[in-house]
1. Search the range 13-29 for residues that are in the same structural domain as Val41 (by TED's automatic domain parsing) and crowded, with 21+ Cβ neighbours inside 10 Å and pair each with any residue that is aliphatic (A, V, I, L, M) and at pLDDT below 95 when their beta-carbon atoms are under 8 Å apart and the residues are at least 6 apart or on different chains.
2. For the range 45-75, which positions are more than 19 Å from Ala108 (Cβ to Cβ), touching a residue at least 12 places away in the same chain (Cβ under 8 Å) and not hydrophobic (A, V, I, L, M, F, W, C)?
Amino acid sequence: MKRPVSPAPTITALTTAPSAAAAKRLVRALVERRVIACGTVLPGAVSIYRWQGAVVEEDEVVVLLKTTAARWAELAATLPGLHPYEVPELLALPVADGHPPYLDWVRAETGGRPAPGRGGSRGAAGSSGRRIGGVVPGSAHVGRGKHEKE
């Protein structure tokens, strides 16, 4: 049985940066503004492209930005001013489906509300006592990242 589509569709936006440090600065600024719920920095990419009449090969860092379609316009308007490139790559990739609590967390962290009946933000301490991308001070989970299991 197919699950109903979320009222605030999630998107993954793709960009690149010249270094991990630049990518982290960009992601942190976007998370602090609640334009994105999180960003994943993936170093080790090589891009080959034509720029100003020459074929160029550069080491880059791929950055995956998780947000909602409702925040896309703000992301598209904000990212270029924060990005070190003159013409930054920014692509919106629709998310066809996903883990419902994670999609609710993305929506909550970007200023939306979780879908009805799904319990609330994963960005705050929930019934498990864990956060997505952080820790709950004083809990047994201090020091565990979002990808670690108990």
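1. none
2. Ser47, Glu58, Asp59, Glu60
The values are calculated or read from the model by the stated rules, or taken from the named source; none is laboratory data. Because the structure is a prediction, the values reported are computed rather than measured. Counting neighbours? That spans all protein chains shown, and the Cβs are built from the backbone with ideal geometry, glycine included.
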